């Protein structure tokens, strides 16, 4: 079969030609339970990735809020010297953008490094501990197949960066709303 997309059509043609004495099925039909389990694993991984991004976002929110508290006098000086509300906000939004961009870049680099070395890592674990994370008896393959989906990577990077900017809005607003008179009162 040259193109797997025609598997169901070829199956139906073979079934019609052979009659009902034979049962013709595609590899997808034969491994339906396995493929369903793989799809479930993908959904669980997406769910876990979502929570990792949310936790990272709250970390960004906490870090930038602490920076606003620690730098409130500096922000007051900037405002007293004529910095606009948008200018102060942009400092913290760009900070969130920078944190998100660096985090996403490092995450993608580490993830791709693991993907491209997954078979080596699995063999290393097996040789050192005797444990196989992906036993061939269960997964029906001798090497772990890896497929890199550029669209998925770009989507993940975009979501990570967007969420980091989104989570930096509150600290940016808080910094922009600081009253320079109050922050500089005891200086």
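Every read-out reported here was derived from the displayed coordinates using simple, explicitly stated rules and does not represent laboratory data. On a predicted model such as this, the values are computed, not experimentally measured, just so you know. Don't worry about glycine lacking a Cβ; one is built from the backbone with ideal geometry, like all the others, and counts go over all protein chains shown.
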- [ ] Go ahead and estimate [θ] at 222 nm for the chain from helices alone: -39,500 (n - 2.57) per DSSP H run with n ≥ 4, summed, over the residue count, rounded to 500.
- [x] -25000 deg cm²/dmol
Task: Residues of segment 12-30 with amide N under 14 Å of the 7 Å Cα→Cβ point at residue 6 - done: 12-14
Open item on the list: What does the extension gain come out to for residue 70 and residue 141, with contour length at 0.36 nm per residue minus their alpha carbon separation?
Closed with: 20.1 nm
Open item on the list: Test of understanding: express the Cα radius of gyration of segment 25-100 as a ratio to 2.2 N^0.38 Å, with N the residue count.
Closed with: 2.02
TODO: Starting with the highest mean, order 140-146, 51-57 by the number of other Cβ atoms within 10 Å, averaged over the residues of each peptide.
DONE: 51-57, 140-146
Task: FRET efficiency for residue 181 and residue 102, using Cβ-Cβ distance with R0 set to 35 Å, rounded to 0.05 - done: 0.50
TODO: Please identify, among 122, 137, 70, the residue showing maximal mean-square fluctuation in a Gaussian network model of the chain using a 10 angstrom Cα cutoff.
DONE: 137
Task: Cα Rg, Dmax (largest Cα-Cα span) when computed across the chain, Å - done: 26.8, 93
Task: Full-extension gain in nm, residue 23 to residue 153, via 0.36 nm per residue minus C-alpha separation - done: 42.7 nm
- [ ] Would you mind ranking 63, 161, 48 so that the residue whose beta carbon has the fewest other beta carbons within 10 Å leads the list?
- [x] 48, 63, 161
TODO: On a C-alpha basis, how far is the centre of segment 30-61 from the centre of segment 87-151 in Å? Whole number, if you could?
DONE: 14 Å
Open item on the list: Taking a ≥ b ≥ c as the square roots of the Cα gyration tensor eigenvalues, with a/c under 1.5 meaning rounded and otherwise prolate when a/b beats b/c, else oblate, which class fits segment 130-187?
Closed with: prolate
